[in-house]
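To start, the structure under review is shown below, and the notes come after it.
The values are calculated or read from the model by the stated rules, or taken from the named source; none is laboratory data. The model shown is predicted, which means the values in this text are computed figures rather than measured ones. Cβ atoms come from the backbone with ideal geometry, glycine included; neighbour counts cover every protein chain shown. The protein model used for the area step is the full one, side chains on, heavy atoms only, and it has no ligands, DNA or RNA in it. Shrake-Rupley method; radii C 1.70, N 1.55, O 1.52, S 1.80 Å.
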Amino acid sequence: MIDKDFKLLIANPACRKMLGISPIKTISLFDLMDAFKDYFPIEEVISKVFKTHEADKVSEVKVDGKFFQITVIPIEVSDGVPGVGVLLHDQTEEQNLRHQHEGFMAMLVHELRSPLTVIKGMADMLLKNPERFNEVKRNEILTQIEASANQLLEMVNTTLEDAREDDSKFEIHKKPSDLNTLIKGEVKNYEGLAKERGLSLASKLDPSLTPFNFDPAKMTQVMNNLLSNAIKFTQEGGITVTTKIESGNLVRVEVADTGEGVPADKKPQLFHKFAQLHKSNDPEMPSTGLGLVITKGIVEAHGGKIWVEDNKPRGTRVVFTLPL
Amino acid sequence: MARKILLIEDDMALANLYKMELESKGNTVIHVAEGSLAVEAVRQNTPDVVLLDVMLPGKNGLEILQEVRDSEDIKNAKVVMLTNFGNEENVSTALELGALDYIMKYKITPSEMSDKIASLLGDSTESVVKVTD
């Protein structure tokens, strides 16, 4: 707190600690200016606020390897006597984290681009001038394309696993929403695709389920993942989506298909590493395999659970619960 | 026109890609994967052009370029940066150090890359010369 004569009236212990000033020493504005000397003309901001009576904020002031946010606000030191308050916020840690994150992203992008460049380049060479390469060379090129694609997939897997550990990636914004309506809409969206593949698509929704708090955008993503998976892996029969209130404070959602089912030993892996159980060769149904991992993350971020059951007599039932 | 090209690239798959492409156009390609061996390779091989990656083990591409420029015997070597690591700072540093170009690998196909190298070295890829006033 500084008065109109530029006298420093109070400096709290946190401020003293930040500036490296002893807790018992009487300090003046000069100590403050001294701390920022060579880095930032803090007195200019203080004068400006005295003149304009408007607060001012400067971020990322680098002082001796640390980063500060400086906020200067007009105040009254006593009745009618103007002064200013100087708030120092040590941003060093936030800055370091941000730089680490930026560095990580730059590295990640670089690492992903290398195999992509190889895949693209090799494919381009083969497509444009196939006659330039004999069969041995062509095989070599294709083998390299496959190896680079595998490398890329492995990198995506690893990154995704890391991301899963960071709950903030599944940050959710709950608001009162109607799950039955959302599911009806999603079922409608997938009707065309199911029909094309000769499959039925139906829903059995619990009418007593009224709106409750969940993130509708994220839940749409979950339903998209589950429905597209179910359709992709079902050759005949159909898919049924069910909602049912359980024990008063949980809703149970099931997406049941009549596909070939998931072998017992593969069930635990399903949500884990998104190891694709079935290689989908259908170009209309491309698969990254990312869906179930993300789905699990979203359901758990809502405080729910997700698992897989056998759908008797045939197929798979993906079940998840959400707290009401 | 056939050239002697020194390719400094630590990613074997990428090196293989560019080697295949450049050799199929009749060039001779010498490949070095280790940053710390790069400057000596420029000196020993006197290539027509050096294709230089930025992220390399041992010594990075910009350090290598600086060292080449500081070495009296090879300071005029023609260098093209060929990388997937581009920020404005790197690009301007490389161009200030006299790199002929800064090519982002992922943005161009191998044949575009070899055409570009040829045109940077003064080979005309066009058969028609346009004359204007």
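What net charge is computed for the residues neighbouring A:His302, neighbours being all others with C-beta under 9 Å from the C-beta of A:His302, Lys and Arg scored +1, Asp and Glu -1? Walk me through the intermediate numbers first.
On the way: positive: A:Lys174, A:Lys218; negative: A:Asp215, A:Glu300.
With Lys, Arg at +1 and Asp, Glu at -1, the neighbours total 0.
Where nothing but the Cβ of Lys and Arg (+1) and of Asp and Glu (-1) is charged, how large is the charge dipole of chain B around its Cα centre, in debye to the nearest 20?
Values: 13 positive and 23 negative charges, 67 e Å.
Rounded to the nearest 20 debye, it is 320 debye.
What percent does the relative contact order of the range A:184-271 come to when contacts are Cα pairs within less than 8 Å and at least six residues apart?
Working: 105 pairs, mean separation 26.0, N = 88.
The value is 30 percent.
List the lysines whose Cα lies under 24 Å from the Cα of A:Lys7, skipping any in the same chain that are fewer than 8 positions away.
Cross-link targets: A:Lys17, A:Lys25, A:Lys37, A:Lys48, A:Lys51, A:Lys57.
Please state the shape class of the range A:178-273: rounded when a/c is under 1.5, otherwise prolate if a/b exceeds b/c and oblate if not, all from the C-alpha gyration tensor.
Numbers: a/c = 1.80, a/b = 1.29, b/c = 1.39.
Since a/c reaches 1.5 but b/c is at least a/b, the shape of the range A:178-273 is classed as oblate.
Classify the range B:4-119 as rounded, prolate or oblate from the Cα gyration tensor: take a ≥ b ≥ c as the square roots of its eigenvalues, call it rounded if a/c is under 1.5, otherwise prolate when a/b beats b/c and oblate if not.
Details: a/c = 1.42, a/b = 1.18, b/c = 1.20.
Note, shape of the range B:4-119 comes out rounded.
Can you list the residues of the range B:1-50 that have at least 20 square angstrom less accessible area with all protein chains present than in their chain by itself, probe 1.4 Å?
At a threshold of 20 Å² (probe 1.4 Å), the residues of the range B:1-50 that become less exposed are B:Asp11, B:Ala13, B:Leu14, B:Asn16, B:Leu17, B:Met20, B:Glu21, B:Ser24.
Any idea of the accessible area per residue across the protein assembly as shown, 1.4 Å probe, to the nearest Å²? Don't skip to the answer; put the middle values down first.
Values: 24980 Å² over 457 residues.
Ligands and nucleic acids excluded, the result is 55 Å² per residue.
Per residue of B:104-116, what is the mean number of Cβ atoms on other protein chains within 10 angstrom of that residue's Cβ? Walk me through the numbers before you get to the answer.
On the way: counts 2, 7, 10, 3, 4, 8, 8, 5, 2, 1, 0, 0, 0.
That works out to 4 on average.
With just the Cα atoms defining each centre, how far is the range A:300-320 from the range B:29-96? Give it in Å.
Spelled out, the Cα-based centre of one part sits 56 Å from the other.
Cα to Cα, under 20 Å, and not fewer than 8 places away if on the same chain: which lysines meet these conditions relative to B:Lys107?
Result set, ordered by chain and number: A:Lys120, A:Lys128, B:Lys19, B:Lys116.
Gap in Å between the Cα centre of the range A:198-236 and the Cα centre of the range A:10-30?
When both Cα centres are located, 60 Å separates them.
Residue-wise, which Karplus ³J(HN,Hα) couplings in Hz belong to the range A:313-324, taking 6.51 cos²θ - 1.76 cosθ + 1.60, θ = phi - 60°, and x for glycine or proline?
Calculated HN-Hα couplings, in order: x, 8, x, 10, 10, 8, 10, 9, 10, 9, x, 8 Hz.
Provide the buried accessible surface between chains B and A in square angstrom, both chains summed, 1.4 Å probe, rounded to the nearest 100.
Details: alone 7390 and 19260 Å², together 24980 Å².
What B and A bury together is about 1700 Å².
Mind scanning A:Lys4/A:Lys66; B:Lys4/B:Lys78; A:Lys195/A:Lys218; A:Lys195/A:Lys244; A:Lys195/A:Lys305; B:Lys25/B:Lys59 and naming the pairs with a C-alpha gap bigger than 23 Å? Could you put the intermediate results ahead of the total?
Values: A:Lys4/A:Lys66 29 Å; B:Lys4/B:Lys78 12 Å; A:Lys195/A:Lys218 26 Å; A:Lys195/A:Lys244 26 Å; A:Lys195/A:Lys305 30 Å; B:Lys25/B:Lys59 30 Å.
Check vs 23 Å cut-off fails for A:Lys4/A:Lys66; A:Lys195/A:Lys218; A:Lys195/A:Lys244; A:Lys195/A:Lys305; B:Lys25/B:Lys59.
Please identify, among A:Val251, A:Val241, A:Val58, the residue showing maximal mean-square fluctuation in a Gaussian network model of chain A using a 10 angstrom Cα cutoff.
A:Val58
Would you please state the base-10 log of I(q)/I(0) at q = 0.08 1/Å for the protein assembly as shown, with intensities from the Debye formula using one equal scatterer on every alpha carbon?
Result of the Debye calculation: -0.82.
To the nearest whole number, what is the average tally of beta carbon atoms from other chains within 10 Å of the beta carbons of peptide A:107-118?
Working: counts 2, 0, 4, 7, 4, 2, 9, 11, 3, 3, 13, 11.
Neighbouring Cβ atoms belonging to other protein chains average 6 per residue here.
When the accessible area of the protein assembly as shown is computed with all protein chains present and a 1.4 Å probe, what percentage of it is carbon and sulfur? Present the calculation step by step, with values, prior to reporting the outcome.
Details: 13130 of 24980 Å².
The nonpolar share, carbon plus sulfur, comes to 53 percent.
Can you check what the net charge comes to around A:Phe133, using other residues whose Cβ is under 12 Å from the Cβ of A:Phe133 (Lys, Arg +1; Asp, Glu -1)?
Working: positive: A:Lys128, A:Arg132, A:Lys137, A:Arg138; negative: A:Glu131, A:Glu135, A:Glu140, B:Glu21, B:Glu23.
Net charge around A:Phe133: -1.
Determine ³J(HN,Hα), in whole Hz, for all residues of the range A:67-83 in sequence, where each value follows from phi through the Karplus function 6.51 cos²θ - 1.76 cosθ + 1.60 and θ = phi - 60°; x replaces Gly and Pro.
10, 10, 9, 10, 10, 10, 10, x, 9, 10, 6, 8, 3, x, 9, x, x
Got a sec to turn the phi values of the range B:43-52 into Karplus ³J(HN,Hα) couplings, 6.51 cos²θ - 1.76 cosθ + 1.60 with θ = phi - 60°, whole Hz, x for Gly and Pro?
Result, ordered by residue: 5, 5, 9, 5, x, 5, 8, 10, 9, 10 Hz.
Quick check: from the Cα gyration tensor, does the range A:89-213 come out rounded (a/c under 1.5), prolate or oblate? Please report the intermediate quantities before stating the final value.
Working: a/c = 4.06, a/b = 1.30, b/c = 3.12.
Cα axes put the range A:89-213 in the oblate bin.
Between A:Lys305 and A:Lys175, 0.36 nm times their residue separation minus their Cα-Cα distance comes to what? Mind dumping the intermediate values first?
Details: separation 130, 0.36 × 130 = 46.80 nm, distance 1.94 nm.
Full extension from A:Lys305 to A:Lys175 adds 44.9 nm.
At 7 Å along Cα-to-Cβ for each site, give me the label-to-label distance between B:Ser111 and A:Val319 in nm.
Between B:Ser111 and A:Val319, the label points sit 5.8 nm apart.
Once amide H atoms are built 1.01 Å from N in the peptide plane, which residues 5 or more positions from A:Asn311, or in another chain, come under 5 Å H to H?
A:Thr316, A:Arg317
Cα to Cα, under 15 Å, and not fewer than 8 places away if on the same chain: which aspartates and glutamates meet these conditions relative to A:Lys184?
Within the straight-line limit of under 15 Å, A:Lys184 reaches these aspartates and glutamates: A:Asp206, A:Glu254.
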